[in-house]
Amino acid sequence: MNPRRIPFLNSTTLATLLSAFLRVKLNGGVLDVYESFLGSNRKAAHSVQDQENSLKRLKVVKDAFNLVVDVLENEIVLLQEACLPVTMKRGMQSLPDDLLREIFELATEEYEFSMPKDPELPMKLANVNRRFRSVALRTPSLWSKLTNDLKLGQLKIYISRSRVSGLSIYIMSNSSDDVGLHLPLRKFFEMTTEHKNRWTHLFFGSSNTEGGYSHPAFRGFQGLFLPGLTSLCWEKYDYDRTADPHPTIAPFSTWIMPNLTQFEGLGVMVDITTFLSNYGAILHAEVPQF
């Protein structure tokens, strides 16, 4: 309803409505479709003028009803808005834990070859209320996405709460000295490689143009054995090999990944044909050509 419109019914219209509803009441609440709502005799209106007058009266009454409907709808909306928090709370309370767990998992689901939009979402869900926390703590997969954008304490919590779930590792590097990150990449790598047998997905993305192809944090992590890794994404943006005074091979080229089935690369510093030939189980590989 337009808030500037002032609801108003004049006395004549009100009297007409009251008289009409009184006749309905006397008729036992039944609306007689064969008789005029306003009580006039349709057959008695012989002249055109009588019919036009009846039509005008009906339109006035209809407008009055529309005004009443507008007021009622506005009041309904206000009451619905007031009840919404309680309704949503009751609705959440009525959801079984298994369904709530699925909602949590869908909310944190990410495309495995891109960084999570909100790495702290599991923490936020667990802090809503006691029930959310209980369900979140009983859902190890909710905590299985580890990113170097987490703080040290958060990373420890995620690793602990993920229990024995497969881990998805997400790494983004914009500088070789990890400016802007809560956790240095080398520290992140040290902590997560302690659980490398649980790695299932690994994403590495870097727009660091001054630090060369790789990152200093990968030094010392050659020949990693990653038995559970099934997908690998390595993306180095805007890398010019000819401008790199110390080009290095891709760290993953020395890793042992017997169950790798999916690979996606950008600016990949390996002989991709040889690399893929070593992994006969790869079902999908995408390496853009420039």
Exercise for review: Test residue 205 against the criterion of being at pLDDT below 95, surrounded by fewer than 20 Cβ atoms within 10 Å (Cβ to Cβ) and within 31 Å of the chain's Cα centre (by Cα), and give yes or no.
Suggested key: yes
Review point. Are any residues in segment 170-183 closer than 14 Å to residue 146 by Cα and either modelled with pLDDT of 80 or more or exposed (fewer than 15 other Cβ atoms within 10 Å of the Cβ) (or both), and if so, which ones?
Key: 170, 171, 172, 183
Check your understanding: Only one of 128, 77 is assigned to a helix (DSSP H, G or I), modelled with pLDDT under 95 and outside the structural domain of residue 260 (by TED's automatic domain parsing); which?
Key -> 77
Review point. Within segment 113-120, is even one residue closer than 23 Å to residue 182 by Cβ and among the acidic types (Asp, Glu)?
Key: yes
Review point. What is the residue count in segment 110-145 for residues that are within 26 Å of residue 94 (Cβ to Cβ) and of a type in the set (Asp, Glu)?
Key: 0
Point to revise | Looking only at segment 132-164, and only at residues there that are polar (S, T, N, Q) and either outside any loop (DSSP other than H, G, I, E, B) or modelled with pLDDT of 95 or more (or both), the one that is surrounded by the fewest Cβ atoms within 10 Å (Cβ to Cβ) | key: 160
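Could you check segment 115-131 and list, in sequence order, the residues that are over 11 Å from the mean Cα position of the chain (by Cα) and loosely packed, with under 13 Cβ neighbours inside 10 Å? I'd like the intermediate steps shown before the answer.
So the first thing to find is which residues in segment 115-131 are over 11 Å from the mean Cα position of the chain (by Cα), and the list is 115-116, 119-120, 122-131.
Passing the criteria: 124, 127, 128, 129, 130.
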Check your understanding: When the residues of segment 249-285 are filtered to those that are modelled with pLDDT of 70 or more and in a strand (DSSP E or B), which remaining residue is farthest from the chain's Cα centre (by Cα)?
Key -> 256
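The values are calculated or read from the model by the stated rules, or taken from the named source; none is laboratory data. For clarity, every value in this text was computed on a predicted model and none was experimentally measured. Note that each Cβ is placed from the backbone with ideal geometry, even for glycine, and that neighbours are counted across all protein chains shown.
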